[in-house]
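Scroll down for the structure; my scribbles are underneath it.
The values are calculated or read from the model by the stated rules, or taken from the named source; none is laboratory data. If you're wondering where the values come from, they're calculated on a predicted model, not measured in any experiment. When we count neighbours, we look across all protein chains shown, and the Cβ atoms used for this are built from the backbone with ideal geometry, even at glycine.
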Amino acid sequence: MRKFGVIVSSDSCYNKTQEDLSGKAIVEFMEARGYELDRLVILPDERDMLSNELRKFVKDKTPLVLTTGGTGFSKRDVMPEATKDVIEREAMGIVEAMRMKSLEITSRAMLSRAVAGIAEDTLIINMPGSKKAVLESLDIIIDAVEHGLGILLGETGNCGRK
């Protein structure tokens, strides 16, 4: 069973003025796919706190970290920057696929500044802050992400494919 982590970037969820729905939705989706939750962390929209938590997941060798929130245009939205502070290589196709497919649902998808990338043996993917958008995004990417994780972790080869 592969482990995953979740970071919710939200001042209001951190301050408990709003309930976290998107982080919980990620957990339910991933556990239904056979993944095991390492931990779910709710943090304020603070770049250093977010990047430090991402580094902890990398240090703990958590293979997949899914973030929700903090990817928009608000001055407090800093999840992409925190992620870029940690990743060594970008995985642009993942967020491009999410945006492309999400544009079929809403033109606001073009406002997402989400990024995805690899730090050591950890894949980090930023997702939107709403439960609905998170579930749509996971549906779009999960099969390819599972294959990519297999390659990243040396479990799956990609030689000899047609």
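Worth a mention:
- Matching option when the condition is farther than 23 Å from S12 by Cα and more than 14 Å from the chain's Cα centre (by Cα), among M30, M49, M98, M110: M110
- Verdict on K61 being among the charged types (D, E, K, R), touching a residue at least 60 places away in the same chain (Cβ under 8 Å) and assigned to a loop (DSSP other than H, G, I, E, B): yes
- Single residue of the range 1-16 satisfying the filter (more than 20 Å from I125 (Cα to Cα) and of a type in the set (S, T, N, Q)) that is surrounded by the fewest Cβ atoms within 10 Å (Cβ to Cβ): N15
- Neighbours by Cβ (under 6 Å, 6+ apart or cross-chain): first from the range 128-141, at pLDDT 95 or above; second of a type in the set (V, I, T) and assigned to a helix (DSSP H, G or I): V134/I26; I141/I94
- Residue identified as surrounded by 13 or more Cβ atoms within 10 Å (Cβ to Cβ), part of a helix (DSSP H, G or I) and either under 11 Å from the mean Cα position of the chain (by Cα) or among the hydroxyl-bearing types (S, T, Y) (or both) among L138, L123: L138
- For the range 64-74, the condition holds for no residue, the condition being that it is farther than 15 Å from S9 by Cα and either assigned to a loop (DSSP other than H, G, I, E, B) or among the basic types (K, R) (or both).
- The condition of being in contact with a helix residue (DSSP H, G or I) (Cβ under 6 Å, 6 or more places away or on another chain), modelled with pLDDT of 95 or more and either within 18 Å of I87 (Cβ to Cβ) or surrounded by 19 or more Cβ atoms within 10 Å (Cβ to Cβ) (or both) holds for only one of L54, L50, that being L50.
- Test result for F73, among the aromatic types (F, W, Y) and surrounded by fewer than 20 Cβ atoms within 10 Å (Cβ to Cβ): yes
- For the range 80-104, taking the residues that are in a loop (DSSP other than H, G, I, E, B) and exposed (fewer than 13 other Cβ atoms within 10 Å of the Cβ), the one that is modelled with the highest pLDDT is identified as E88.
- Options D20, D77: the member that is modelled with pLDDT of 95 or more, over 14 Å from the mean Cα position of the chain (by Cα), closer than 23 Å to D139 by Cα and assigned to a loop (DSSP other than H, G, I, E, B): D20
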